[in-house]
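Data block below; observations after.
The values are calculated or read from the model by the stated rules, or taken from the named source; none is laboratory data. Just so you know, these numbers come straight off a predicted model, no measurement behind them. With ideal geometry, Cβ positions are generated from the backbone for all residues, glycine too; neighbour counts draw on all protein chains shown.
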Number of protein chains: 2
Amino acid sequence: MIRITIIGSGNVAQHLIKAFSASNLVEIVQAFSRKKEALTHLLDSEKITTDFTALQEADLYIISVSDNAISEVSSQLPFENRLVVHTSGTTPIDVLDSKNRKGVFYPLQTFSKNKEVDFSVIPICLETQKSEDYIVLETAANSISNSVYPISSEQRKALHVAAVFVNNFTNHLYQIGHEICEEHQVPFEVLGPLIQETAEKIKTLNPADAQTGPAKRHDSVTTDAHMAYITNENQKNIYKILTQSIQNNGKKL
Amino acid sequence: MIRITIIGSGNVAQHLIKAFSASNLVEIVQAFSRKKEALTHLLDSEKITTDFTALQEADLYIISVSDNAISEVSSQLPFENRLVVHTSGTTPIDVLDSKNRKGVFYPLQTFSKNKEVDFSVIPICLETQKSEDYIVLETAANSISNSVYPISSEQRKALHVAAVFVNNFTNHLYQIGHEICEEHQVPFEVLGPLIQETAEKIKTLNPADAQTGPAKRHDSVTTDAHMAYITNENQKNIYKILTQSIQNNGKKL
């Protein structure tokens, strides 16, 4: 049984408390929050502390606070040589104070406070400096998720850039599609199943193999017609750049 | 009971034959195929014809052939004043020969020959020139799908451009994410749930409201770090253009 203390009361901290509470393989020792009320709906009051000096012994301390507070919080911990990890996708492991053993416990998903989360399908990316610490982190991660990966700080950087492309930029393309539909009085929901199918397909196909469309076919009659049809210069530019990128596929320009 | 004849034997034609065959609300009179064998696994042999002059009377003729063959096929039909539609997303209604009443029956989805399709969730976009013909098409479409929309040729053009953004271009962003992961030895599957969640979210949220990430937050520390991290000039250019587009959101440049 791994004994875990959560430090923080934000979205990720709360989702972690919920998930760990539901597991029989770990025990939540305490949670730290600047305001006790932030967590009383999730934990017994006596398990919530607002005072770093009241933190008891645990196998694992998970700091889940905003990225720029991680360093300071880790330096305020009143103990040494224990396993202390953060949950940030963009923060290197070494911002953690060196008085404790360092690690990263990064659940790769977007969390909203009011949306229930099925942690079992969320990939958790782990990093530690000592291999015996990895086993502790891995056990904790496996207790709530079926997808656990060892990911170094360097790999995490790549993962975050890739996530911007497949998540933030993809959503922006949805937005452009939405704008084009709105401009021409077409209900955007007509595109819903196509969007879901596009995402679904890459569960079984490499995205390069799943590529279809006029750009891929080098169908310049259609791509020229689309370019002429789009009036918004920004959309036109994105259409041009992405069409060229699909056509130059594989060639690193 | 609407009596339907399918002309063509490609992916869409075959999926339509399967879907209509499963419905009690329509009857497949015949199917036309240049090669009889192409359809014998789907229809009784005597219902398949290879000869236009053998086409019997039906309420609706659905031409499902490659875009550039629609016009010629429609002119070869040996009858007049019947309802003849095509299934193309990119072809105007008026390429159909004027001797018959024209329409469009466009299922908006990507079809693969070997993948089963649940037609009930596929949007079908309909267009006719006469309102009484619309009722026939609508009844046929409702017999296989729960999402049926009246979409004019002009709207269909917009829809196709929007579909390129949300389908073809999105898949290309998946491919870039895949390349970045590969380059840094990160398993792409780690991003799978995030990709699915990004697509899932817009079922309930307007994409503009669902936008997150460093570009949206104007977090230039992160976007600059990403730009410095990406070595592929093509990826860097796409990162820059899409980041700017997110930040200029709503301003038509």
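Descriptive notes on the structure:
- A single member of A:Thr243, A:Thr231, A:Thr139 is closer than 23 Å to B:Gln175 by Cα and more than 8 Å from chain B (Cβ to nearest Cβ), and it is A:Thr243.
- Comparison of B:Ile202, B:Ile180 shows that the only residue that is at the interface with chain A (Cβ under 8 Å from one of its Cβ atoms), surrounded by 20 or more Cβ atoms within 10 Å (Cβ to Cβ) and touching a residue at least 40 places away in the same chain (Cβ under 8 Å) is B:Ile180.
- Output for the range B:183-199, where each listed residue is surrounded by fewer than 20 Cβ atoms within 10 Å (Cβ to Cβ) and either more than 7 Å from chain A (Cβ to nearest Cβ) or farther than 19 Å from A:Thr204 by Cβ (or both): B:Glu183, B:His184, B:Gln185, B:Glu189
- The single residue among A:Val190, A:Val164 that is farther than 14 Å from B:Ala163 by Cα, in a helix (DSSP H, G or I), among the β-branched types (Val, Ile, Thr) and not assigned by TED's automatic domain parsing to the domain that holds A:Gln109 turns out to be A:Val164.
- Scanning the range B:63-79 for residues that are assigned to a helix (DSSP H, G or I) and touching a residue at least 12 places away in the same chain (Cβ under 8 Å), we see that the one that is farthest from B:Arg101 (Cα to Cα) is B:Asp67.
- The set of residues from the range B:36-55 being farther than 18 Å from B:Leu77 by Cα, assigned to a loop (DSSP other than H, G, I, E, B) and touching a residue at least 24 places away in the same chain (Cβ under 8 Å) comprises B:Leu39, B:Leu42, B:Leu43.
- Only listed residue being touching a strand residue (DSSP E or B) at 6+ places or on another chain (Cβ under 6 Å) and of a type in the set (Lys, Arg), chosen from A:Lys18, A:Lys47, A:Lys35, A:Lys102: A:Lys47
- Hey, B:Gly213 facing chain A (nearest Cβ under 7 Å) and part of a helix (DSSP H, G or I) or not: no
- Test for A:Leu173: is it within 14 Å of another protein chain (Cβ to nearest Cβ) and among the hydrophobic types (A, V, I, L, M, F, W, C): yes
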